Each structure stands twice: as structure tokens, then as C-alpha cells.
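Asker: Structure in C-alpha cells, see below.
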Amino acid sequence: AAIGKESRSADKLMYGMRTLIAKNFIDNLKEEVVKGQNEKLEHGEYPSKALLGYLNAEDPLTRRATIIVDEANKPLIQTMYRLYATGGYSLQGVIDELQTLGLTNGLPAGRRLNKTTVAKLLSNPFYIGHFKWNGKLHKGCHEATVDVETWQKVQDVLAGKNVNKSKKHNVIPFA
């Protein structure tokens, strides 16, 4: 029944109590989610969906959720990093080269690479076995797919500290 000006005080009291109980349930659910995420963080587990190049799985022994390497898309990620680290490719140039090599054929349904996505993937420490959560860097328990040296070269190129300033692909000369 709806509560209005004409409602009895007992009905209003019951409505208020049901509202408080619902609010408490929501608050408790939130606390449990945060507690679960913090527990995963303590174990070096990424408390979210796996990134491109990885898959969410279940550890057969512990039955805990884990992240494993997606062997089908591992070459895509490694080639993306290797190409961009040379400093000779723009973001679009990397995408075009990955498509030419046929490495984008195994992308999950509905996923396409664009410059924004590639820039995010290239700057993500997840590929060297770390991850950021709530602004903090954590050591992950997942396998790295890119070596630290290549990852750092990519960060330098992204930051414009590239030694090789002559990009060969998809560069429009300015007047």
C-alpha cells in the first residue's frame, strides 16, 4: 500500500523500518564486495575482468577465480608492444600492421582495436605482471606476457621520449 498524508502512524513506521532494513542490506552488500576485493588484492589477484590477452578461469585445485594467458591473443599483445617499442609506428600504424598479420582475427566477438584502446593496452602494467587498483600499483600473480624492457620502451615512446623520431607508417607530412 502507498504511504501518504492519510496513512496511519503504524503504516508509516513499518514503511520506515522496511526502508532502513533495505538500506542496511545494500550497505552490507557493498562492504562484502570491498572485503572480497581486498582479499584478492592481498593475494595478488586482479579483482576484475581479464584484459585482452588473458582469460578469466577457475583454478582446478583451489576453485578460486584466476587469470590465465589467452594463448590465442598472446601473439597479438606481444607484437603490438614489439612494433610500438621501435618508435617507427603510430597507434593506427600498429593496428594496421596487426590486421595485415592476421593477429586481430582472434579478437573476442564484438571487439575491435582502435587508437584509444591500443593506447590503454600499451600503457597498462598488467602485461608485465602488475596492475593498478584504486590508484595503487600491485604485484599480480598472473603471468607476464611482455618483458619489462619492452614495456618501458613503449612507455618512453608514448611519453614522447622516442629516440627514433621518423615514423614510417601513417604519418601525414605537415606543410
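The values are calculated or read from the model by the stated rules, or taken from the named source; none is laboratory data. Quick caveat, the model's predicted, so the values are computed rather than measured. Backbone-built Cβ (ideal geometry, glycine too); neighbour counts: all protein chains shown. Ligands, DNA and RNA are stripped out before the accessible areas are found, and what is left, the full protein with its side chains, is counted by its heavy atoms. Shrake-Rupley method; radii C 1.70, N 1.55, O 1.52, S 1.80 Å.
Asker: Identify all aspartates and glutamates with a Cα-Cα distance to Lys139 below 18 Å; exclude those on the same chain that are fewer than 8 residues away in sequence.
Answerer: Leaving aside aspartates and glutamates fewer than 8 places away in the same chain, those within reach of Lys139 are Glu39, Glu42, Glu45, Asp147, Glu149.
Asker: Given an 8 Å cut-off on Cα distances and at least 6 residues of separation, report the relative contact order of the chain as a percent.
Answerer: That works out to 21 percent.
Asker: Continuing with the same structure: For the pair Asn28 and Ile3, what calculated FRET efficiency results from E = 1/(1 + (r/R0)^6), where r is the Cβ-Cβ distance and R0 = 41 Å, to the nearest 0.05?
Answerer: 0.95
Asker: Scan the stretch 1-104 for GluC sites (Glu not before Pro) in coil per DSSP, keeping those whose Cβ has at most 13 other Cβ atoms within 10 Å, and list them by number. Can you show the working numbers first?
Answerer: Working: sites: Glu6, Glu31, Glu32, Glu39, Glu42, Glu45, Glu58, Glu71, Glu97; in loops: Glu6, Glu45, Glu71.
Listed in order of number, the matching sites are Glu6, Glu71.
Asker: Another one. Under the rule of -39500 (n - 2.57) per DSSP H run of 4 or more residues, summed and divided by the residues of the chain, what mean residue ellipticity at 222 nm is obtained, to the nearest 500 deg cm²/dmol?
Answerer: -14000 deg cm²/dmol
Asker: For the stretch 58-170, what's the radius of gyration and Dmax over Cα atoms, in angstrom?
Answerer: Expressed in Å, the Cα Rg and Dmax of the stretch 58-170 come to 15.1, 51.
Asker: Turning to a different aspect of this structure: Leaving out ligands, DNA and RNA, what percent of the accessible area of the chain is carbon and sulfur, probe 1.4 Å?
Answerer: Carbon-and-sulfur percentage of accessible area, whole number: 56.
Asker: Moving to a separate point now. When only Cα pairs under 8 Å and 6 or more residues apart are kept, what is the percent relative contact order across the stretch 1-93?
Answerer: With pairs under 8 Å counted, the relative contact order is 14 percent.
Asker: Once you keep just the Cα pairs under 8 angstrom separated by 6 or more residues, what percentage relative contact order results for the stretch 87-151?
Answerer: In percent, rounded to a whole number, it is 23.
Asker: Could you state the accessible area per residue of the chain in Å², with a 1.4 Å probe and every protein chain left in place?
Answerer: Here the residues of the chain average 68 Å² of exposed surface.
Asker: Does the stretch 105-153 classify as rounded, prolate or oblate by the C-alpha gyration tensor (a ≥ b ≥ c root eigenvalues; a/c under 1.5 gives rounded; else a/b over b/c gives prolate, otherwise oblate)? Please list the in-between numbers first.
Answerer: Details: a/c = 1.73, a/b = 1.61, b/c = 1.07.
Note, shape of the stretch 105-153 comes out prolate.
Asker: So how much slack lies between Ala109 and Leu13, counting 0.36 nm per residue of separation and subtracting their Cα-Cα distance, in nm?
Answerer: Stretched out fully, the Ala109 to Leu13 stretch lengthens by 29.4 nm.
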